[in-house]
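What follows is a short report on a single structure.
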Amino acid sequence: MSDTDLLEAYGRTAWTVEGPSGTLEVRLDGTSPDASLRPGGIVTAYNPASIEHDADANRAADQELLKHVRSLGVPFRRSHAHGGGDGSWDEPGFLLTGDVRPLLVELGLVFGQNAVVWIDTTGQVSLVCTRAGFAGRLPGQKIDL
């Protein structure tokens, strides 16, 4: 898939996170529905560089990401991406809360991801590059859809 196709798929993706009041949905076309997610961000280890990997490789990468997340000592919750708007793919991940954007970018880079989802203090949701050259950006740069 081209970067343009991938960005369109990201734009149609919904990320769900379990919160104290139930399931919360995060989308790139809006704001976070709950202040408890701000600031924070979502990272996954599945399918690095948006290249499909087998289930065993994805589960192993997810467990390794969990070890990294736990070692950071920041609050986190399980998240789940419902891909592309058509349900063609699903990926578990983690929502980390707090001023963790640099950590998210680093985790995305370590686990070969194109980008991570960032929710700023106002609740604005954006995509942040983690793989140099993805969508013409450098790691840490916001990607406009």
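The values are calculated or read from the model by the stated rules, or taken from the named source; none is laboratory data. Remember, it's a predicted structure, so these values are computed and weren't measured experimentally. These accessible areas exclude ligands, DNA and RNA; they are computed on the full protein's heavy atoms, side chains included. Shrake-Rupley method; radii C 1.70, N 1.55, O 1.52, S 1.80 Å.
Does the range 86-145 come out rounded, prolate or oblate, given a ≥ b ≥ c as the square roots of the eigenvalues of its C-alpha gyration tensor, rounded meaning a/c under 1.5 and, failing that, prolate meaning a/b above b/c?
On the way: a/c = 1.24, a/b = 1.04, b/c = 1.20.
Because its axes are fairly even, with a/c under 1.5, the range 86-145 counts as rounded.
How much length, in nm to one decimal, is gained on full extension between ASP29 and ALA132, taken as 0.36 nm per residue of separation minus their Cα-Cα distance?
Details: separation 103, 0.36 × 103 = 37.08 nm, distance 2.36 nm.
The span from ASP29 to ALA132 would gain 34.7 nm if fully extended.
Taking 0.36 nm per residue of sequence separation and subtracting the Cα-Cα distance, how much length would be gained by fully extending the chain between HIS53 and THR121, in nm to one decimal?
On the way: separation 68, 0.36 × 68 = 24.48 nm, distance 3.40 nm.
Length gained, HIS53 through THR121: 21.1 nm.
Have a look at GLY19, GLY40, GLY73 and tell me which one the Gaussian network model of the chain (Cα, springs below 10 Å) gives the largest fluctuation.
Per the Cα network of the chain with a 10 Å cutoff, GLY73 tops the list.
Averaging over all projection directions, find the projected area of the Cα convex hull of the chain and quote it in nm² with one decimal place.
On the way: hull surface 31.0 nm².
Averaging across all directions leaves 7.8 nm² for the Cα convex hull.
Sorted by accessible area with a 1.4 angstrom probe, largest first, how do ASP3, ASP144, ASP99 fall?
Ranking ASP3, ASP144, ASP99 by accessible area, largest first, yields ASP99, ASP144, ASP3.
Take LEU37, LEU28 and sort them by solvent-accessible surface of the protein heavy atoms, 1.4 Å probe, largest at the top. Let's see the in-between values first.
Numbers: LEU37 0, LEU28 20 Å².
From most accessible down to least: LEU28, LEU37.
Averaging sequence separations of C-alpha pairs under 8 Å and six or more residues apart, then dividing by the length of the chain, give the relative contact order as a whole percent. Present the calculation step by step, with values, prior to reporting the outcome.
Details: 307 pairs, mean separation 42.1, N = 145.
After rounding, I find 29 percent.
Taking only complete DSSP H runs, can you tell me which helices of the chain stretch 20 Å or more along their own long axis by Cα positions and average at least -1.0 on the Kyte-Doolittle scale? Don't jump to the answer; show the numbers that get you there.
Numbers: long enough: 55-72 (26 Å, -0.64).
For the chain, where a helix must reach 20 Å along its axis and average at least -1.0, the hits are 55-72.
Any idea what the relative contact order of the range 20-106 is, in percent, if you count C-alpha pairs under 8 Å spaced at least 6 apart? Present the calculation step by step, with values, prior to reporting the outcome.
On the way: 100 pairs, mean separation 29.6, N = 87.
Taking the mean separation of contacting Cα pairs over the length of the range 20-106, I get 34 percent.
Tell me, in nm to one decimal, what length is gained between ARG78 and ALA60 on full extension, where the rule is 0.36 nm per residue of separation less the Cα-Cα distance? It would help to have the intermediate numbers written out before the result.
On the way: separation 18, 0.36 × 18 = 6.48 nm, distance 1.58 nm.
Contour length minus the Cα-Cα distance gives 4.9 nm.
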